[in-house]
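**Student:** This is the structure, below, for whatever I ask next.
The values are calculated or read from the model by the stated rules, or taken from the named source; none is laboratory data. From a predicted model like this one, the values you see are computed outputs, not experimental measurements. Methodologically, a virtual Cβ is constructed for each residue, glycine included, from the backbone with ideal geometry; neighbour enumeration extends over all protein chains shown. We work out accessible area using only protein heavy atoms, side chains counted, and drop any ligands, DNA or RNA first. Shrake-Rupley method; radii C 1.70, N 1.55, O 1.52, S 1.80 Å.
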Amino acid sequence: MARYAGSDRADAAAAFADEVYRTLAEGASRTTDDGHRITLPGHPGIVPQRHWLDRLGLPGRPRPDGLECPRDISCEWIPAPYQAFGEGDYGNHDLSDRPARQKVEYIVIHDTEGSYDTTLRLVQDPTYVSWHYTLRSADGHIAQHVKGRDVAWHAGNWYVNAKAIGLEHEGFAAQGTWYTEAMYRTSAKLVRYLADRYDIPLDRDHVIGHDNVPGILPANVRGMHWEPGPYWDWSHYFDLLRAPFRGVGAPAAGLVTIDPDFATNRPAFTGCTAAGVPCPARGSSSVVLRTAPTADAPLVNDLGLRPDGTPNTMHISDHGARASAGQTYALAGRQGDWTAIWYLGQKAWFHNPRSKPTAKWTVGLVATPKPGRATIPVYGRAYPEADAYPAGVPVQPVTPLQYTLAAGQRYAVGNVLPGEYYRATTFDGSSPGDWTVVRGDRRYVQIQFGHRIMFVHADDVRLLPSPVGAPH
């Protein structure tokens, strides 16, 4: 079994084989890509002969001190360079002292859009960007590049970067077959380890895809990334995280958590191989959102992606009319087999038949504009007010995005956060205020506003329990 992994390291081969034998012992049940249910009964009496691993003659490398990985997975240290280039330029990450300096709030799931070897070359380029870990598709082997205390440049949003750890998974978002079971399992073990280390809740408000990271300015929204995309199996991933998506069983709960059956949910995406060409029928964690409760209604519009107001599309990279497994939204209506949610300032409908539901009812807090406010602004970062910045530190603008949240609408609350800005602009921390966190009195509410998380000022909204006024 270790040989089958095809690994070039003894610890990677052993971790792969151990996971196979653990599955044999515990049993498993999955639905295949062609819709067949396969069940493997557990066989706890099977005992692997671990000393056979020595026959492969694979090199065993000792772990360096300080490697931030669980002991039962294959992991190595391949550092991203921290290097000055002269004239104030440097790369490819920033030094910090997290969590003492600033709490880590997010784990961001990426895919590489390139091979494992290419990705390692890129992260070792001091003029390029960085991330904390890379995971190999074939066997789930992990390379760590940046320590958790430091800030990698990976999410395209400095507020998120300063408060996140980034994991790159070898693969291509338009080709979900790269997301192997071996990689899912080692990734889940790593995320459980990081969540425990940094006290990060295991939910979709804190474990997010790169496609859930908001743009910081209206002009940035269109260029934000869309991976790991609709073929990443969020439900299975959270099962492996031991934090499965759960519901309360009643629509009066007022919130819905998206959770289609991955194997049989197969939206008709296009463009995986060429523009306009249908993608292969493949399981997906995404549901498609429409302007009315019918299958032929236009898709909803994301103004940040299509400012002319036209409907978004089924192109694989166009996630402006999609909701993904684990994301929770406020209920906006129900009609027959269709459910509406509040999404980017509008009602968005998805097919959710009682006989084969694609979402779970749940409870929590919702944010809605305070009385007297017709609309309130929505932001892509949660920076402090101008008065909070010390002398010599430039004030960072907090520019509203092109969306608004209108009276009568509700959005699921993911967190309440202080306004923070981590100042890091020089290689040696010599600029005024560098390597410090600016904090003010302003607080923000993180909401699930569209496919991405976004922020509103706490002073602009009321936080209510989700059943209040929920449509039935």
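**Student:** Given R₀ = 56 Å, FRET efficiency for Thr273-Arg334 by Cβ-Cβ distance, to 0.05?
**Tutor:** On the way: r = 37 Å, r/R0 = 0.67.
Rounded to the nearest 0.05, the efficiency is 0.90.
**Student:** Determine one quarter of the surface area of the Cα convex hull of segment 243-320, which equals its mean projected area, and express it in nm² to one decimal.
**Tutor:** Values: hull surface 28.7 nm².
Averaged projected hull area, Cα only: 7.2 nm².
**Student:** Right, another one. Report, as a whole number in µm² per second, the diffusion coefficient that Stokes-Einstein gives for segment 323-472 at 25 °C and 0.890 mPa s using the Kirkwood radius over alpha carbon pairs. Provide the component values of the computation, followed by the final result.
**Tutor:** Details: Rh = 17.0 Å.
Estimated via Stokes-Einstein, D reaches 144 µm²/s.
**Student:** Leaving ligands and nucleic acids out of the surface, order Lys347, Lys103, Lys163 by accessible area at 1.4 Å, largest first.
**Tutor:** Values: Lys347 95, Lys103 75, Lys163 5 Å².
Listed by decreasing accessible area, they come as Lys347, Lys103, Lys163.
**Student:** Normalised by the residues of the chain, what does the relative contact order come to in percent, with Cα pairs under 8 Å and at least six apart? Could the numbers behind the result be given before it?
**Tutor:** Details: 1109 pairs, mean separation 60.6, N = 472.
Relative contact order comes out at 13 percent.
**Student:** Sticking with this structure for a sec: Placing +1 on the Cβ of each Lys and Arg and -1 on the Cβ of each Asp and Glu in segment 52-164, which of Pro126, Gly57, Asn92 has its Cα farthest towards the positive end of the resulting dipole?
**Tutor:** Positive-most Cα among the choices belongs to Gly57.
**Student:** Can you give the relative contact order of segment 219-362 as a percent, counting alpha carbon pairs under 8 Å and 6+ residues apart? Don't skip to the end; give the middle numbers.
**Tutor:** Values: 288 pairs, mean separation 43.3, N = 144.
Answer for segment 219-362 is 30 percent.
**Student:** Could I ask something else about it? Taking only C-alpha pairs under 8 Å that are 6+ residues apart, what is the relative contact order of segment 157-295 in percent?
**Tutor:** On the way: 135 pairs, mean separation 29.5, N = 139.
This gives 21 percent for segment 157-295.
**Student:** State the volume of the convex hull built on the alpha-carbon positions of segment 260-405, expressed per residue in Å³ and rounded to an integer. Working shown, then result.
**Tutor:** Numbers: hull volume 25.4 nm³, N = 146.
Convex hull of Cα atoms, per residue: 174 Å³.
**Student:** Once you charge only the Cβ atoms, +1 for Lys and Arg and -1 for Asp and Glu, what is the size of the charge dipole of the chain about its Cα centre, to the nearest 20 debye?
**Tutor:** Details: 46 positive and 49 negative charges, 279 e Å.
In debye, rounded to 20, the chain gives about 1340.
**Student:** With r as the distance between the Cβ atoms of Thr313 and Asp125 and R0 = 41 Å, compute the FRET efficiency 1/(1 + (r/R0)^6) and round to 0.05. The partial results should precede the final answer.
**Tutor:** Working: r = 34 Å, r/R0 = 0.84.
Computed FRET efficiency for Asp125 and Thr313: 0.75.
**Student:** Then there is this: What does the net charge come to around Leu202 if you take all other residues with beta carbon closer than 14 Å to its beta carbon, with K and R at +1 and D and E at -1?
**Tutor:** On the way: positive: Lys189, Arg192, Arg197, Arg204, Arg242, Arg246; negative: Glu105, Asp196, Asp199, Asp203, Asp205, Asp239.
Charge balance in the 14 Å sphere: 0.
**Student:** Another one. Where only protein heavy atoms count, and the probe is 1.4 Å, what is the accessible area per residue for the chain in Å²?
**Tutor:** Values: 19430 Å² over 472 residues.
Per-residue accessible area for the chain comes out at 41 Å².
**Student:** Once you wrap a convex hull around the alpha carbon atoms of segment 1-134, what is its projected area averaged over all directions, in nm²?
**Tutor:** Working: hull surface 50.4 nm².
For segment 1-134, averaging the hull's shadow over all directions gives 12.6 nm².
**Student:** On a C-alpha basis, how far is the centre of segment 211-247 from the centre of segment 71-130 in Å? Whole number, if you could?
**Tutor:** 20 Å
**Student:** Identify which of the listed values of Cα extents along the principal axes in Å was calculated from the structure shown: (i) 69, 55, 42; (ii) 73, 62, 41; (iii) 72, 51, 43.
**Tutor:** Recomputing Cα extents along the principal axes in Å here gives the entry labelled (ii).
**Student:** Next question, about the same structure. Just to be sure I follow the rule: in the chain, considering lysines 8 or more places apart or on different chains, how many pairs have Cα atoms under 22 Å apart?
**Tutor:** Total qualifying Lys-Lys pairs in the chain comes to 9.
**Student:** Ranked highest first by the average count of other Cβ atoms within 10 Å around their residues, in what order do 227-233, 152-158, 199-205 fall? Walk me through the intermediate numbers first.
**Tutor:** On the way: 227-233: 25.3, 152-158: 21.3, 199-205: 17.9.
Most protected by this proxy first, the peptides run 227-233, 152-158, 199-205.
**Student:** Measure off 7 Å from each Cα along the Cα-to-Cβ vector at Arg222 and Ala391, then give the distance between these two points in nanometres to one decimal.
**Tutor:** 4.3 nm
**Student:** Could you check how much of the accessible area of the chain is carbon and sulfur, as a whole percent, using a 1.4 Å probe?
**Tutor:** So the carbon and sulfur contribution to the accessible surface is 53 percent.
**Student:** Further question on the same structure: Which order do the peptides 456-464, 137-145 come out in when sorted by mean C-beta neighbours inside 10 angstrom, highest first? Numbers along the way, then the final one.
**Tutor:** Numbers: 456-464: 17.2, 137-145: 23.1.
My ranking of the peptides, most packed first, is 137-145, 456-464.
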